[in-house]
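A.B. asks: One structure is given below, represented as structure tokens, and several questions about it will come after.
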Amino acid sequence: MTVPATTAEWTCTRCGSTNRLLVATGTATARDRCLHCAARHQLTPAARPVRWDARLRD
Ligand SMILES: [Zn+2]
């Protein structure tokens, strides 16, 4: 069975790089690591569906 997915696009707060993560539709929070500097972030959906808010986490 295929799970509907959406692209979460977020900006690294450490290096400013744009990252993209495929998440299941309806996901409230996600975790991802910056491809460029490897900083871990907590992601939450923003007003615009594709653009997610990113917070640095340790
Ligand atoms: Zn980064």
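Derivation of every value follows stated rules applied to the coordinates shown; laboratory data play no part. On a predicted model such as this, the values are computed, not experimentally measured, just so you know. For neighbour counting, all protein chains shown are included, and Cβ atoms are generated from backbone atoms with ideal geometry for every residue, glycine included.
A.B. asks: Excluding Val50 itself, what net charge comes from residues whose Cβ is under 11 Å from its Cβ, given Lys and Arg +1 and Asp and Glu -1? Please report the intermediate quantities before stating the final value.
C.D. replies: Numbers: positive: Arg20, Arg48, Arg51; negative: Glu9.
Neighbourhood net charge equals +2.
A.B. asks: Same structure again: Using each residue's phi in the stretch 14-27, evaluate 6.51 cos²θ - 1.76 cosθ + 1.60 at θ = phi - 60° and report the 3J(HN,Hα) Karplus result to the nearest Hz, with x for Gly and Pro.
C.D. replies: 8, 10, x, 6, 8, 10, 10, 9, 8, 10, 5, 4, x, 5
A.B. asks: Which whole-number percent of Cα pairs in the chain have a distance greater than 15 Å? Walk me through the intermediate numbers first.
C.D. replies: Values: 677 of 1653 pairs.
That fraction is 41 percent.
A.B. asks: Under 5 Å between amide hydrogens, which residues at least 5 positions from Thr27 or on another chain qualify, with H placed 1.01 Å from N in the peptide plane?
C.D. replies: none
A.B. asks: Please turn the phi angles of the stretch 6-11 into ³J(HN,Hα) values with the Karplus equation 6.51 cos²θ - 1.76 cosθ + 1.60 (θ = phi - 60°), one per residue in order, whole Hz, x for glycine and proline.
C.D. replies: 3J(HN,Hα) across the stretch 6-11, in whole Hz: 9, 8, 9, 9, 9, 10.
A.B. asks: Using a 10 Å cut-off around each Cβ, can you sort Asp53, Asp32, Asp58 from fewest to most neighbouring Cβ atoms?
C.D. replies: Asp58, Asp53, Asp32
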